[in-house]
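Visitor: What follows is a single structure, and I will ask about it in a moment.
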There are 2 protein chains.
Amino acid sequence: MQRILIIVLCILCGRLCLSQNAGDYLELTDTKPHDDESVWNRIPASPQISWGSADIRYAKLNVPELSKTNTWKTKAWKGERVNAQAVIWTKNAMSDVKITVSDLTAGSSVIPASQITSSFVRYVMTDELNKDGKGACGHRPDKSVWDSSMVADVLYKPEIEEIRTYTTQPVWITVRIPQHAHPGVYKGIVSVSGKGFEDLKLNLEVTVLNRVLPSPEEWAFHLDLWQNPYAVARYHDVPLWSDAHFDAMRPVMKILADAGQKVITATIMYKPWNGQTEDHFDSMVSKVKKLNGSWEYDYTVFDKWVEFMMRMGIDKQINCYTLIPWALKFDYFDQATNRMQFVEAKPGDAAYENYWGSFLKNFSSHLRRKGWFDRTTITMDERSPEAMAEAIKVIRTADPDFKISFAGNYHEEIEHDLYDLCIAYGQRFPEDVKAAREKAGKISTVYTCCSEARPNTFTFSPPAEATWIGWHAAAGNYDGYLRWAYNSWTIDPLRDSRFRTWAAGDCYLVYPYGYSSIRMERLIEGIQDYEKIRILRNGFTDKKATGKLKKLDAVLSMFAADENIGSRNATDDVNAARKVLNGF
Amino acid sequence: MQRILIIVLCILCGRLCLSQNAGDYLELTDTKPHDDESVWNRIPASPQISWGSADIRYAKLNVPELSKTNTWKTKAWKGERVNAQAVIWTKNAMSDVKITVSDLTAGSSVIPASQITSSFVRYVMTDELNKDGKGACGHRPDKSVWDSSMVADVLYKPEIEEIRTYTTQPVWITVRIPQHAHPGVYKGIVSVSGKGFEDLKLNLEVTVLNRVLPSPEEWAFHLDLWQNPYAVARYHDVPLWSDAHFDAMRPVMKILADAGQKVITATIMYKPWNGQTEDHFDSMVSKVKKLNGSWEYDYTVFDKWVEFMMRMGIDKQINCYTLIPWALKFDYFDQATNRMQFVEAKPGDAAYENYWGSFLKNFSSHLRRKGWFDRTTITMDERSPEAMAEAIKVIRTADPDFKISFAGNYHEEIEHDLYDLCIAYGQRFPEDVKAAREKAGKISTVYTCCSEARPNTFTFSPPAEATWIGWHAAAGNYDGYLRWAYNSWTIDPLRDSRFRTWAAGDCYLVYPYGYSSIRMERLIEGIQDYEKIRILRNGFTDKKATGKLKKLDAVLSMFAADENIGSRNATDDVNAARKVLNGF
């Protein structure tokens, strides 16, 4: 266990960051009012522990409100991951604290401890929705306008140096049921040990049902969370695309692969979104304009990134951004001036066609050589149908077989051109269109962003809202879900999730060093539920079990995109629905 | 004749510039005190003309002080160029004024009019030496500290739209004696015609001697005036290295070739002099750092520039700047980041050796392939001998046969490594060193810059000082002369020669559109004198004409680099010396 608190003051960049080896770190201070000593002094002298709820972000400086429970029981399919949260609270500091979990056993059957992840839940600074409560978009230049607080979200290591006096410290447990586990009731022990206190113990009990959830790469759910490799290089201060960079990305992208992600986010130009994130995306393709006016392209970076992600298990689709960026300037290295230069042109202009037409022809050949052409799409987002039509023309001229993706409002006039069409939350595909798309093997998904107050995955969002998303996708007959930012980290993402725009946590779902989050784990739960619904529905349909199908539809009707999620309680809805699901 | 005054206000760059076709243009206003109407009204009503002196920059708004002369007589060698200046002055405006020169004839022998260039001399804004009178270096952020005035320097076309009321307008005549002219006394007529006045006429008489000056490409004088192609592209607002760019450079570089220039100025990195000129020099070689750390180089621009200059007739040497720039950062296109990046390292550092060692090896191969290796040098200027020694090590490691150039103070310890060594004005090569260098075929020259109050080629310098330089080179047994700027133009070089640093005219000797200058033509005179001295000395030595050799040495002794040129009169010295020279 690492004893030394390693905080490296990055003087050069003028900010506090973590050293490479991710030793323990100091959280920011929560200045919100909280339980005072008199409240804390009412609890026993020895550290307390109990099972809590994975639906709650326990306040760090309050005595948790819960009735003490020693045993957590859940049901799970073979192949499923289940999450539980325990809570430690103490009026005396604890040091060198460590969680261990035993094997889970059911008679002679064993779920080995290696299939169980335990994490101390760490706290990160967050803010809140916009004051009108209707969303979280827009710039936030003055942080003081939005109230800030520390919330439990980071799923840290199972060791922590210190739990301070008068502190609540949650513990997150994830059990991965092996695909080939025997059904049965598995039992084990969670222990918390450390210096100066007796080991704390909890019982864990998982009833494994005789149903199988396939492994994530076989999930039908089309998950598209946009990766930002540039943020990882910057955070870890390693050269882009170096071995150290890939080493730093590996644990981060592992979480994504394990969530069943289908899409590699690739960028084929400088700043597709005009640098809206802390680290702008750059071009993974070098475009060189020779002195004689001809173009040369280099795919070394693109290939290396794609191959890395494919090795991680994310290999179904490569989405290439973008032909219509948010600022219409297109980068290239200019041999004459020995400088980066930019073509400024809009779809329909001759200069636009020259820049993109030439590139796309070459890109098509390259993709075909690599055997990737059929899984690659040229991708646009949130642009007008007129601009889209011009861009589509250029793409089709370069290679009529190019697949095209779009995320944005539903536009009937371009729908048929789009292989992968992701529409905004609240919009529906016309039923006949969805059916035709399905038949044609086209992808039809839904996205959320800063616009939605609820459901969302801000660091302050109730955890169940992340699960709600999977249910919503199932209810709306979407093929999956897209979110524009998986890891566009803020400057100091482990400590402060607030950003210069949007509500805190909008830019990333997971943390450096492969630390997952309550949000990410609960999102995966929803995806698992989507898969379970799909499998059950297929089974019921095969068996013509109309009663069960009706029951399923009734449950799903709770997850329509209406205003209800604002007034209703996503947590209650998800819990009620899952109870039905696991009862089938 | 172009009638329309074309002044294009370059709104984008916020400055006034000339349109591409170099029509007539407005000079800036001279606000210095000058002759008033009462003085001007004393001259006759009709325009006046007379031969003047090529030593004088006639004031534009003063009645010239001269005794009217109708015939100009001079002596010239076959192959020589001779310059004369006439002056027009008028109290009534003249329009559509044009100079024509007849053929010069001597019996049946003819020097055709095509060998005679006539130019109206135009006025450009200048400033002055530093206030201590000791030089002209340093920044000049506040132009008002240095007195400004308009001086005659630009050798414009032989047509001018208008000579205004109360104006002096000089005329410059250059006669190029053909190599195969018969000796004799050639006579012709210079005519000035226009609207509303009788033609003005002057007689021109050149006695061609029976001696031959070789053509410039055969001159021994090692002339090294640094070219700046970037200034030409910017001034004419044409893409770098485009046909239009080369078209614009052609007349400018033609003057240089005709002056016997030996050296092509090439740049192999970004900003060798940290951008000290209006247009910084950039790298003519693209250096690409591949993702795997290997380097790739592209010589398209370098080759195109060198081949262009060679076609212009400047083909003896290629000087490549520089391994030790004034700011130690070295450019490359980085494939990983898709950006220009810089290696910051100093000679002796591993990163320096990696950057330069790899490049120089590749460059050597390229130069050998092109057949240019033997005439290429890696070039440094004004750096310490310690840094030089480190750089030399890197060069020798890459290819022990690389030639190396240096311009700066004389350092004994590195002298033997330097193929082309140019030392500062006032310094001398030890006699044995010079002799050994000569024997080894090495070049040993001298340079002036802003340090010298006199001799210099500022726009306000007395014209004879430019000629003095050639005599100084002969007197000091230098092989030639270097000046750091041939055409590093200011923002508006035709109108304003002042710059943010140094005295006006320091950055350029010639003007856009191939307009030469009084300074440039007088510099060439000195180079011709150097050649004539060399030829005469060889003849005298062959014939053991010790008397004549003594006489030559006595004349040359006037041109030593001492403080005398400050107190003495360069014009008188040059005229006296040339009289002796043409008397041999």
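Visitor: May I have the count of lysine pairs in region B:321-404 with C-alpha atoms under 22 Å apart, counting pairs 8 or more residues apart or located on different chains?
Guide: For region B:321-404, qualifying lysine pairs total 11.
Visitor: If we hang a label 7 Å off Cα along the beta carbon direction at A:S53, how far is it from the matching labels on the other copies, in nm, shortest first?
Guide: 10.6
Visitor: Grab the Cα-Cα distance for A:L549 and A:T397, subtract it from 0.36 nm times how many residues apart they are, and report the gain in nm with one decimal.
Guide: Numbers: separation 152, 0.36 × 152 = 54.72 nm, distance 4.64 nm.
Using 0.36 nm per residue and subtracting the Cα-Cα distance, I get 50.1 nm.
Visitor: Okay, moving on. Using the eigenvalues of the Cα gyration tensor, what equivalent ellipsoid semi-axes result for region B:193-267 when each is taken as the square root of five times the eigenvalue, whole Å, largest first?
Guide: Numbers: eigenvalues 217, 133, 14 Å².
Value: 33, 26, 8 Å, ordered largest first.
Visitor: Counting other C-beta atoms within 10 Å, and keeping those with at most 14, which DSSP coil trypsin sites (Lys or Arg not before Pro) do you find in region B:68-153?
Guide: Filter output for region B:68-153: B:K68, B:K131, B:K134.
Visitor: Can you pull the mean other chain C-beta count within 10 Å for peptide B:185-198? Could you put the intermediate results ahead of the total?
Guide: Details: counts 0, 0, 0, 0, 0, 0, 0, 0, 0, 0, 0, 0, 0, 0.
Average per residue, whole number: 0.
Visitor: Let me ask something else about it. With the cut-off at 1.5 for a/c, could you classify region A:121-210 from its C-alpha gyration tensor as rounded, prolate or oblate?
Guide: Working: a/c = 3.80, a/b = 1.62, b/c = 2.34.
Since a/c reaches 1.5 but b/c is at least a/b, the shape of region A:121-210 is classed as oblate.
Visitor: From the alpha carbon gyration tensor of region B:288-374, can you work out the equivalent ellipsoid semi-axes (sqrt of 5 times each eigenvalue) and give them in Å, largest to smallest?
Guide: Values: eigenvalues 132, 47, 32 Å².
Its equivalent ellipsoid spans semi-axes of 26, 15, 13 Å.
Visitor: Going from the alpha-carbon gyration tensor of region A:250-310, what semi-axes, largest first and in whole Å, does one get by taking the root of 5 times each eigenvalue?
Guide: 28, 15, 8
Visitor: Here is a further query. If you take the alpha carbon radius of gyration of region B:349-426 and divide it by 2.2 N^0.38 Å, what ratio comes out, to two decimals? Spell out each step's value before the answer.
Guide: On the way: Rg = 12.8 Å, N = 78, 2.2 N^0.38 = 11.5 Å.
That works out to 1.11 for region B:349-426.
Visitor: On average, how many beta carbons from a partner chain sit within 10 Å of the beta carbon of a residue in B:297-305? All intermediate terms of the calculation are to be shown ahead of the outcome.
Guide: Working: counts 0, 6, 0, 5, 5, 0, 1, 3, 0.
Going residue by residue through B:297-305 and averaging, the value is 2.
Visitor: In whole Hz, what ³J(HN,Hα) sequence does region A:376-384 give by Karplus (6.51, -1.76, 1.60; θ = phi - 60°), x for Gly and Pro?
Guide: 9, 10, 8, 10, 10, 8, 6, 10, 6
Visitor: While we're looking at this one, here's another question. Round to the nearest 10 and give me the degree value, 0 to 90, for the angle of helix A:464-475's Cα axis relative to the longest principal axis of chain A.
Guide: Tilt relative to chain A: about 50 degrees.
Visitor: Report the relative contact order of region B:142-301, percent, no decimals, based on alpha-carbon pairs under 8 angstrom and at least 6 residues apart. Kindly include the intermediate steps, with their values, before the conclusion.
Guide: Details: 151 pairs, mean separation 22.0, N = 160.
In percent, rounded to a whole number, it is 14.
Visitor: For chain A, max minus min Cα coordinate along each principal axis, in Å, sorted largest first?
Guide: 80, 67, 49
Visitor: Here is a further query. As an exercise, take the mean of 1/r over every pair of distinct alpha carbons in region B:454-581, invert it, and state the Kirkwood radius in angstroms.
Guide: On the way: mean 1/r = 0.0641 Å⁻¹.
Final number for the Kirkwood radius of region B:454-581 is 15.6 Å.
Visitor: Per residue and in cubic angstrom, what volume does the convex hull of the Cα atoms of region B:411-525 have? Numbers along the way, then the final one.
Guide: Working: hull volume 13.6 nm³, N = 115.
Normalising the Cα hull of region B:411-525 by residue number yields 118 Å³.
Visitor: If packing is taken as the mean number of other Cβ atoms within 10 Å per residue, what is the order of B:440-448, A:319-327, highest first? Intermediate values should be presented prior to the final figure.
Guide: Numbers: B:440-448: 19.1, A:319-327: 21.4.
The peptides rank, most packed first, as A:319-327, B:440-448.
Visitor: Between chains A and B, what is the buried accessible area summed over both chains (1.4 Å probe, protein heavy atoms, nearest 100 Å²)? Let's see the in-between values first.
Guide: Numbers: alone 23540 and 23490 Å², together 45080 Å².
Summed over both sides, the interface buries about 1900 Å².
Visitor: Efficiency by 1/(1 + (r/R0)^6): what FRET value for A:D96 and A:Q179, r their Cβ-Cβ distance, R0 = 51 Å, to the nearest 0.05? Could the numbers behind the result be given before it?
Guide: Details: r = 36 Å, r/R0 = 0.71.
The pair A:D96/A:Q179 has a calculated efficiency of 0.90.
Visitor: Read phi for every residue in region A:284-293 and hand back ³J(HN,Hα) as whole Hz from Karplus 6.51 cos²θ - 1.76 cosθ + 1.60, θ = phi - 60°, with x for Gly and Pro.
Guide: Karplus values, whole Hz, x for Gly and Pro: 8, 10, 8, 10, 10, 9, 6, 4, 7, x.
Visitor: Quick one: which residues, 5 or more positions from A:K75 or on another chain, have an amide H under 5 Å from its amide H? H modelled 1.01 Å from N in the peptide plane, none for Pro or chain starts.
Guide: A:T207
Visitor: Treating the point 7 Å from Cα along Cα-beta-carbon as the label, what are the nm separations from B:K195 to the other copies, to one decimal?
Guide: Distances between equivalent label points, in nm: 10.2.
Visitor: A further question follows. What nm distances, shortest first, do you get from the label point of B:T207 to those in the other copies when the point sits 7 angstrom along Cα to Cβ?
Guide: Copy-to-copy label distances at B:T207, shortest first: 12.8 nm.
Visitor: Quick one: what are the phi-derived ³J(HN,Hα) couplings along region B:249-265, Karplus 6.51/-1.76/1.60 with θ = phi - 60°, whole Hz, x for glycine and proline?
Guide: Working through the residues one at a time gives 7, 3, x, 6, 7, 5, 4, 5, 4, 5, 8, x, 3, 9, 10, 8, 8 Hz.
Visitor: Report, in degrees rounded to the nearest 10, the 0 to 90 angle that the Cα long axis of helix A:300-312 makes with the longest principal axis of chain A.
Guide: 40
Visitor: Report D for the protein assembly as shown in µm² per second (integer): Stokes-Einstein, Kirkwood Rh on Cα pairs, 4 °C, 1.567 mPa s. Before the final figure, lay out the partial values.
Guide: Details: Rh = 36.2 Å.
Answer from the Stokes-Einstein relation: 36 µm²/s.
Visitor: Normalised by the residues of chain A, what does the relative contact order come to in percent, with Cα pairs under 8 Å and at least six apart? Let's see the in-between values first.
Guide: Working: 1241 pairs, mean separation 88.2, N = 584.
15 percent.
Visitor: Let me ask something else about it. How far apart, in nm, are two points set 7 Å out from the Cα along the Cα-to-Cβ line at B:R250 and at A:A440?
Guide: Inter-label distance under the simple model: 5.7 nm.
Visitor: What does the extension gain come out to for A:R164 and A:A257, with contour length at 0.36 nm per residue minus their alpha carbon separation? Please list the in-between numbers first.
Guide: Values: separation 93, 0.36 × 93 = 33.48 nm, distance 3.55 nm.
Here the answer is 29.9 nm.
Visitor: With +1 on each Lys and Arg Cβ and -1 on each Asp and Glu Cβ, how big is the dipole of region A:263-419 about its Cα centre, in debye rounded to the nearest 20? Mind showing how you got there, number by number?
Guide: Numbers: 19 positive and 24 negative charges, 124 e Å.
Taking the Cα centre of region A:263-419 as origin, the dipole is about 600 debye.
Visitor: Sticking with this one: How well do other chains shield peptide A:286-293, expressed as the mean number of their Cβ atoms within 10 Å of each residue Cβ?
Guide: Numbers: counts 9, 1, 4, 0, 3, 10, 3, 2.
Mean partner shielding for this stretch: 4.
Visitor: A further question follows. Suppose R0 equals 22 Å. What FRET efficiency, 1/(1 + (r/R0)^6) with r the Cβ-Cβ distance, do B:E296 and B:K329 give to the nearest 0.05? Spell out each step's value before the answer.
Guide: Numbers: r = 20 Å, r/R0 = 0.91.
The value I calculate is 0.65.
Visitor: Of the cross-linked pairs A:K75/A:K134; B:K254/B:K579; A:K134/A:K271, which ones have a Cα-Cα span greater than 32 Å in the structure shown?
Guide: A:K75/A:K134
Visitor: Still on this structure: Which of the aspartates and glutamates could a cross-linker bridge to A:K544, judged by Cα under 16 Å and excluding same-chain residues fewer than eight apart?
Guide: Once the sequence-local aspartates and glutamates are set aside, what remains near A:K544 is A:D553.
Visitor: On C-alpha positions alone, give me the angle between the axis of helix B:518-542 and the longest principal axis of chain B, in degrees, nearest 10.
Guide: For helix B:518-542, the angle is close to 80 degrees.
Visitor: Where the accessible area of the protein assembly as shown is counted over protein heavy atoms with a 1.4 Å probe, how much of it, in %, is carbon and sulfur? Before the final figure, lay out each step's value.
Guide: Working: 22720 of 45080 Å².
For the protein assembly as shown, the apolar C and S fraction of the accessible surface comes to 50 percent.
The values are calculated or read from the model by the stated rules, or taken from the named source; none is laboratory data. Everything numeric in this text was worked out from a predicted model, so none of it was measured. Cβ coordinates were reconstructed from backbone atoms using ideal geometry, including for glycine residues, and neighbour counts include every protein chain displayed. Heads up: the accessible areas ignore ligands, DNA and RNA and are worked out on the full protein's heavy atoms, side chains in. Shrake-Rupley method; radii C 1.70, N 1.55, O 1.52, S 1.80 Å.
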